[in-house]
Amino acid sequence: MLFAARSAVALHRLLDVLPVFAGDDRIERRFTLVPGSEFGLEALAALDAIGARCVPWDEALRTPYDLTLAASPKGELDRLRGPLVLLPHGAGFGKALSEEGTADSASGLDAAYLVRGGAPLAALHALAHPGQVAELAARCPAAAERATVVGDPTLDRLLASQGLRDRYRTALGTGGRRLVALTSTWGPESLLARHPRLPIRLCTELPADSYQLALIMHPNDYSRSGVHDLAERLAPARDAGLLTPRPYEEWAAVLVAADAVLTDHGSTGLYAAALDRPLLAVCDGGDELIPGSPMARLLAAVPASSFTSEGWEEWEGAEGSEGAGRVAEDIARVVAEHRPGAVRALAEPAFAEQGRALALLRTELYARLGLTPPGPPAEPRLLPVPRVPAHTPAVHAVSAAVDGDRVRVERRPPHYDGPAAHLAAEEDAASVRHAQSAAVLFRRARSAQTDAPGAVEGWTVEGWIAWALDRYPGRRTAAVLLSASHCVLRRRGGPLLSARIGTGTEAGRVFRPDPAAVVSAVHCWLAATGPPSLPATLDCLIGERSYPVRVAPATDDEATHTF
């Protein structure tokens with residue numbers, strides 16, 4: 001078996017097909033890179049990462065293979081020896097590239113690539129939906145005669161992995177926030193090309209305790225720019241908490257974990273729709289989207305974000321809180337108005353045979369090999385738990401509203417230019433500049449102490465708070481976060497206080513806030529009320545939920561607790 005990949009995105013599709021041959025010791029799996037694409041470098045890196053046996057292109061041309069699988073018809077595939085099976089390298093065939101092949105045809109259905117020397121290139125076209133066969137028949141009848149519908153193996157991985165949603169969200173550090181995924185295809189009409197400042201703008205303006213943002217980028221962006229360059233471009237947004245999942249498997253786990261998706265015209269939006277995620281369209285037109293395609297119909301049916309087309313300039317010029325309010329309203333609206341099954345129905349023209357792709361493909365491929373498949377049925381491999389770094393910002397600009405014992409706080413990055421009550425900083429994770437500027441300083445208790453000789457073993461709670469207020473004489477409150485439900489703090493000139501944090505519940509689920517947000521809430525309450533009457537129970541509104549916080553004088557045990 002030869003797996004011929006021209007780019008990383010094509011390789012990823014082929015890797016999703018591997019379970020078809022799982023457990024069969026009669027099959028030798030070899031991979032080769034088809035020359036001619038500027039996006040091939042990442043494919044080689046991915047093959048090296050999985051330990052795949054690769055053969056040079058020249059060797060692949062000399063060797064007869066019983067079957068070759070490819071997910072792109074481009075390149076000199078007609079020079080390979082043996083039958084070729086073509087799979088799609090995306091969903092829906094909704095994008096045309098005018099500089100490659102026929103201007104109005106998706107490359108996977110373009111006769112310019114599917115017929116070589118007057119004969120069809122592939123022995124089999126394994127497509128995802130009968131509509132794609134009909135489209136192929138209209139454009140290339142000879143190729144359509146060799147087409148069959150097997151479904152989409154990548155979609156089946158997504159669907160099979162939905163039971164791991166909570167695990168994915170835990171690994172991403174989502175908590176009770178709303179995870180919003182931005183999906184960007186590649187090229188001049190992509191979300192990132194049209195709106196490169198959108199990720200940092202959203203990360204800056206949307207409250208950090210209400211929203212978590214992830215950017216799903218096309219593998220070609222990784223191939224063209226490299227991981228390092230992309231990381232540098234997106235550094236301000238990543239520092240503000242933006243997740244950037246890797247282009248194989250991790251993006252799909254993030255999509256399963258997401259609560260809402262902002263999509264351009266790339267096929268990732270169709271996968272999000274098949275998962276029934278609330279969608280907002282971020283597509284400003286252009287020449288790439290094929291009219292009448294499943295993606296075009298999907299974008300026409302879902303709400304458009306308020307910052308597309310002419311609205312983008314208006315949104316860009318809006319004040320921070322006003323712009324943020326529009327986006328938050330857009331997202332909240334599509335989530336609130338979401339009717340289960342409605343968005344999923346919009347993806348049906350792109351995906352048939354859901355849940356059966358590997359079984360159908362296995363039947364077709366083994367028939368061509370003249371072999372009987374091995375015993376166990378082919379099952380989609382569940383998406384691994386993502387390992388994308390979930391950066392927790394060390395500094396926040398905090399806005400607050402105090403009404404008696406009810407306190408609402410919202411946290412955003414320190415460069416936020418809207419109204420803010422104070423700056424809060426994690427003293428041993430923030431820069432000196434931010435620590436010196438913050439009104440609220442805190443430390444998080446570590447679960448383990450170092451055993452290195454001569455190392456400081458720890459602090460007492462009261463000792464660190466006294467040290468922090470002395471070292472930073474302009475700071476007003478210092479706190480130690482002992483756990484997710486307990487912190488101890490002192491406002492300058494006041495007593496040492498203990499804050500016990502209750503949980504919030506919703507539909508049987510239990511949530512906890514970041515205790516750093518609670519410290520800011522207590523700080524603002526103390527500033528607004530003066531010397532408090534203790535004990536007191538505050539109603540802290542953080543993110544989308546309310547949490548009871550009991551504030552009382554700290555006990556001797558709490559003051560002398562070491563961390």
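Here is a yes/no grid of residues against (1) of a type in the set (A, V, I, L, M, F, W, C); (2) out of contact with any Gly (no Cβ under 8 Å at 6 or more places or on another chain); (3) over 25 Å from ARG512 (Cβ atoms):
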position: ARG178; (1), (2), (3): no, yes, no
position: ASP209; (1), (2), (3): no, no, no
position: MET217; (1), (2), (3): yes, yes, yes
position: GLY226; (1), (2), (3): no, yes, yes
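Condition check: under 30 Å from GLU353 (Cβ atoms), in contact (Cβ under 8 Å) with a residue 24 or more places away in the chain, under 15 Å from the mean Cα position of the chain (by Cα) and crowded, with 16+ Cβ neighbours inside 10 Å. Does LEU179 satisfy that?
So LEU179 fits the description; yes.
Taking the stated definitions as given, is ALA171 buried (at least 24 other Cβ atoms within 10 Å of the Cβ) and of a type in the set (Gly, Ala, Ser)?
no
Could you check segment 361-387 and list, in sequence order, the residues that are open to solvent by less than 40 Å² (accessible area, probe 1.4 Å) and under 21 Å from HIS125 (Cα atoms)?
Once the filter is applied, which keeps residues that are open to solvent by less than 40 Å² (accessible area, probe 1.4 Å) and under 21 Å from HIS125 (Cα atoms), segment 361-387 yields LEU361, ARG362, LEU365, TYR366, LEU369, ALA378, PRO380.
Considering only residues that are free of Cβ contacts under 8 Å to residues at least 60 places away in the same chain and open to solvent by less than 20 Å² (accessible area, probe 1.4 Å), look in segment 523-557 and name the one that is nearest to the chain's Cα centre (by Cα).
For segment 523-557, the residue satisfying everything is TYR547.
Mind telling me which of the residues VAL85, VAL20 ends up being in contact with a helix residue (DSSP H, G or I) (Cβ under 9 Å, 6 or more places away or on another chain), buried (at least 16 other Cβ atoms within 10 Å of the Cβ) and assigned to a strand (DSSP E or B)?
Only one candidate qualifies: VAL85.
Look at GLY458 and say whether it is in contact (Cβ under 8 Å) with a residue 60 or more places away in the chain and in contact with a Gly (Cβ under 8 Å, 6 or more places away or on another chain).
Against the criterion (in contact (Cβ under 8 Å) with a residue 60 or more places away in the chain and in contact with a Gly (Cβ under 8 Å, 6 or more places away or on another chain)), GLY458 does not qualify.
Please enumerate the residues belonging to segment 391-414 that are buried (at least 17 other Cβ atoms within 10 Å of the Cβ), touching a residue at least 24 places away in the same chain (Cβ under 8 Å) and of a type outside the set (Lys, Arg).
PRO393, ALA394, VAL395, HIS396, ALA397, VAL398, ALA400, VAL402, VAL407, VAL409, GLU410, PRO413
Mind listing whichever residues of segment 472-514 are open to solvent by 80 Å² or more (accessible area, probe 1.4 Å) and touching a strand residue (DSSP E or B) at 6+ places or on another chain (Cβ under 9 Å)?
ARG476, ARG492, ARG500, THR505, GLU506, VAL510, ARG512
Report, by residue number, each residue of segment 47-78 that is of a type in the set (Gly, Ala, Ser), closer than 19 Å to GLU249 by Cα and open to solvent by 20 Å² or more (accessible area, probe 1.4 Å).
If the condition is that a residue be of a type in the set (Gly, Ala, Ser), closer than 19 Å to GLU249 by Cα and open to solvent by 20 Å² or more (accessible area, probe 1.4 Å), then ALA49, GLY51, ALA52 are the ones that fit.
Looking at GLY266, GLY286, can you tell me which residue is small (Gly, Ala, Ser), in contact with an Asp or Glu (Cβ under 6 Å, 6 or more places away or on another chain) and in contact (Cβ under 8 Å) with a residue 24 or more places away in the chain?
None of the other options fit; the residue is GLY286.
If I ask for residues that are within 29 Å of the chain's Cα centre (by Cα) and assigned to a strand (DSSP E or B), which ones from segment 29-75 would you list?
Passing the criteria: PHE31, LEU33, LEU69, ALA70.
Residue-wise test of (1) open to solvent by 20 Å² or more (accessible area, probe 1.4 Å); (2) acidic (Asp, Glu); (3) modelled with pLDDT of 95 or more; (4) over 27 Å from LEU159 (Cα atoms).
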site	(1), (2), (3), (4)
PRO219	no, no, no, no
HIS228	yes, no, no, yes
ALA231	yes, no, no, yes
ASP239	yes, yes, no, yes
LEU243	no, no, yes, no
TYR248	yes, no, no, no
ALA252	no, no, yes, no
ALA258	no, no, yes, no
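What number goes with the only condition from (1) closer than 24 Å to VAL150 by Cα; (2) buried (at least 20 other Cβ atoms within 10 Å of the Cβ); (3) modelled with pLDDT of 85 or more that GLU28 does not pass?
Single failed check for GLU28: (2).
Looking only at segment 385-411, how many residues end up being closer than 30 Å to ALA253 by Cα, aliphatic (A, V, I, L, M) and over 21 Å from the mean Cα position of the chain (by Cα)?
2
Taking segment 394-428, which residues are out of contact with any helix residue (DSSP H, G or I) (no Cβ under 7 Å at 6 or more places or on another chain), in a loop (DSSP other than H, G, I, E, B), of a type outside the set (Asp, Glu) and at pLDDT 95 or above?
Scanning segment 394-428 gives ALA394, GLY404.
Identify all residues within segment 4-17 that are hydroxyl-bearing (Ser, Thr, Tyr) and either open to solvent by less than 10 Å² (accessible area, probe 1.4 Å) or at pLDDT 95 or above (or both); write none if there are none.
none
Of THR148, THR154, which residue is of a type in the set (Ser, Thr, Tyr), in a helix (DSSP H, G or I), in contact with an Asp or Glu (Cβ under 8 Å, 6 or more places away or on another chain) and more than 23 Å from ASP287 (Cβ to Cβ)?
Exactly one of THR148, THR154 is of a type in the set (Ser, Thr, Tyr), in a helix (DSSP H, G or I), in contact with an Asp or Glu (Cβ under 8 Å, 6 or more places away or on another chain) and more than 23 Å from ASP287 (Cβ to Cβ), namely THR154.
Considering only segment 216-263, state which residues are polar (S, T, N, Q) and touching a residue at least 12 places away in the same chain (Cβ under 8 Å).
Passing the criteria: ASN220, SER223, THR244, THR263.
Taking ARG238, is it touching a His at 6+ places or on another chain (Cβ under 7 Å) and under 30 Å from VAL510 (Cβ atoms)?
Yes, satisfied.
Just to be sure I understand the filter: pairs with C-beta atoms under 8 Å, separated by 6 or more residues or on different chains, first member in segment 41-67 and more than 24 Å from ASN220 (Cβ to Cβ) and of a type outside the set (A, V, I, L, M), second member in a helix (DSSP H, G or I) and at pLDDT 95 or above. Which pairs pass?
So the pair list comes out as ASP66/LEU369.
The values are calculated or read from the model by the stated rules, or taken from the named source; none is laboratory data. Just so it is clear, the model here is predicted, and its values are computed rather than measured. When we count neighbours, we look across all protein chains shown, and the Cβ atoms used for this are built from the backbone with ideal geometry, even at glycine. Quick note on the areas: whole protein, heavy atoms, side chains included, nothing else; ligands and nucleic acids left out. Shrake-Rupley method; radii C 1.70, N 1.55, O 1.52, S 1.80 Å.
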